[in-house]
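J.: Before I ask anything, let me first share the structure, which is written out below as structure tokens.
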Amino acid sequence: MESPLADCAQGGHFHVVTPLLESWALSQVAGTTVFLKCENVQPAGSFKIRGIGHFCQEAVKRGCRHLVCSSGHISTSGTRKRTEGGNAGFAAAYAARKLGIPATIVLPEGTSPHVVRRLQGEGAEVQLAGKVWDEASLKAQELAKRDGWVNVPPFDHPLIWEGHASLVRELKAALGTPPGALVLAVGGGGLLAGVAAGLIEVGWQHVPIITAETQGAHCFNAAIKAGKLVTLPDITSVAKSLGAKTVARRALECTKELEIFSEVVDDAQAVSAVQKFLDDERMLVEPACGAALAVIYSGLLGRLQAEGRLSPSLASVVVIVCGGNNINSQGLQALKAQLGQS
Ligand code: PLV
């Protein structure tokens, strides 16, 4: 059997080509054919492995011997605070195992033992540092000063975008002709920057992108409105995986090169979309992904069409089902209870 490194040297990658499924239920709601790009079935649970896998492979080619990633978000449920593992951390741990090198994932103190065990199960060493992610991130940066150690950025790096761009190449291979619009969630803007790069690469730069954020994690929308980068004071949304306080500069630049409609939904719409999607498609995703699905379920697509901003007759709409690890049936019930939906 070939080693993962040999595989990597031959240009192999760690993500899988994901299914593009037509959704009858979402098509009914949208009044147009909706395709789901199912990133929820990627190794490590989300689209993140595309960019992070690529970044880690390139880092190793350039001499990296140890990967470091700070990941994890504090979430509050009632009076209880707990830390969820960031999807970037899961992807980095997975990539490191495939590359056969060690990974250290730095998480804030108070991270649930479940998350620690899962990352350790991927073979990663887990260090707990600081009370919040920013402090864990400082620790990771300090560790990355060691010889041969490299810090894995969750979204703000050209190699991350290059990796995410593979998603658009797959869309082109599966669809042939361009869709009428693409829907995706924005946290730090890495997915957006990668999809934009992919669209430009395959000559589909005229395809409009509808970006979805939740109120309280809306740093991209805030930046568009201000015409410059904005740092949110705090992340108050339950969609913690969208919880970057400042979007990547490149994401804001994309608005000048492509047609982008930035939408903000509230937590209730994102969580309700998660529940509807579970019932309609039998797939459970994080509220971060629910934000994108809410563009269809909450009628925002129809509104953009009614306002004449999007064509009333779209060829099809592709929703990027970004996935996410921080959800299970109990977690969904807790979110619904928190938002008065149960
Ligand atoms: N989540 C990253 C960064 O958080 C993380 O470490 O969890 N959907 C899901 C399921 C995600 O995990 C993320 C990113 C996004 C969407 C947004 O992607 P981005 O950051 O590239 O815009 C802050």
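The values are calculated or read from the model by the stated rules, or taken from the named source; none is laboratory data. It should be emphasised that the depicted structure is a prediction, and the values quoted were computed from it without experimental measurement. Using ideal geometry, Cβ is built from the backbone for each residue, glycine included, and neighbour counts are taken over all protein chains shown. Protein only, heavy atoms only, side chains kept; ligands, DNA and RNA dropped before computing areas. Shrake-Rupley method; radii C 1.70, N 1.55, O 1.52, S 1.80 Å.
J.: Could you identify the single residue in 51, 72, 45 that is within 14 Å of the ligand (Cβ to nearest atom), at pLDDT below 95 and open to solvent by less than 20 Å² (accessible area, probe 1.4 Å)?
T.: On inspection, the qualifying residue turns out to be 72.
J.: Return the residues of the stretch 321-342 that are open to solvent by less than 30 Å² (accessible area, probe 1.4 Å) and small (Gly, Ala, Ser); say none if nothing qualifies.
T.: 323, 324, 331, listed by residue number.
J.: Could you check the stretch 125-204 for helices (runs of 4 or more DSSP H) lying wholly inside it with 3 or more residues that are within 23 Å of residue 112 (Cα to Cα) and outside the structural domain of residue 96 (by the TED database)?
T.: Result: empty, no element qualifies.
J.: How many of the residues making up the stretch 209-250 are among the basic types (Lys, Arg) and either within 12 Å of the ligand (Cβ to nearest atom) or touching a strand residue (DSSP E or B) at 6+ places or on another chain (Cβ under 8 Å) (or both)?
T.: Total meeting the criteria: 3.
J.: Please indicate, with yes or no, whether at least one residue in the stretch 100-113 is more than 18 Å from the chain's Cα centre (by Cα), surrounded by 24 or more Cβ atoms within 10 Å (Cβ to Cβ) and closer than 26 Å to residue 315 by Cβ.
T.: There is no residue in the stretch 100-113 that is more than 18 Å from the chain's Cα centre (by Cα), surrounded by 24 or more Cβ atoms within 10 Å (Cβ to Cβ) and closer than 26 Å to residue 315 by Cβ.
J.: Among the candidates 170, 142, 162, 125, single out the residue that is closer than 25 Å to residue 263 by Cα and modelled with pLDDT of 95 or more.
T.: None of the other options fit; the residue is 162.
J.: Starting from the stretch 298-324, take each residue that is in contact (Cβ under 8 Å) with a residue 60 or more places away in the chain and list its partners that are among the polar types (S, T, N, Q) and open to solvent by 60 Å² or more (accessible area, probe 1.4 Å), counting only C-beta distances under 7 angstrom and pairs at least six apart or across chains.
T.: Close Cβ pairs (under 7 Å, with a partner that is among the polar types (S, T, N, Q) and open to solvent by 60 Å² or more (accessible area, probe 1.4 Å)) amount to 315/177.
J.: Something else: Any residue in the stretch 168-181 that's under 15 Å from residue 38 (Cβ atoms): show its pairings with residues that are among the basic types (Lys, Arg) at Cβ separation under 7 Å, as long as the two are six or more apart or on different chains.
T.: 171/37
J.: A follow-up question, please. Of all residues in the stretch 84-110, count the ones that are within 13 Å of the ligand (Cβ to nearest atom) and either among the β-branched types (Val, Ile, Thr) or more than 23 Å from residue 286 (Cβ to Cβ) (or both).
T.: So the answer is 2.
J.: Being open to solvent by 10 Å² or more (accessible area, probe 1.4 Å), more than 18 Å from the chain's Cα centre (by Cα) and within 21 Å of residue 157 (Cβ to Cβ) narrows it down to one residue among 225, 245, 256; which is it?
T.: Checking each option against the conditions leaves just 256.
J.: From 293, 301, which residue is closer than 25 Å to residue 188 by Cα, part of a helix (DSSP H, G or I) and away from the ligand (no atom under 16 Å from the Cβ)?
T.: Just a single option satisfies the conditions, and that option is 301.
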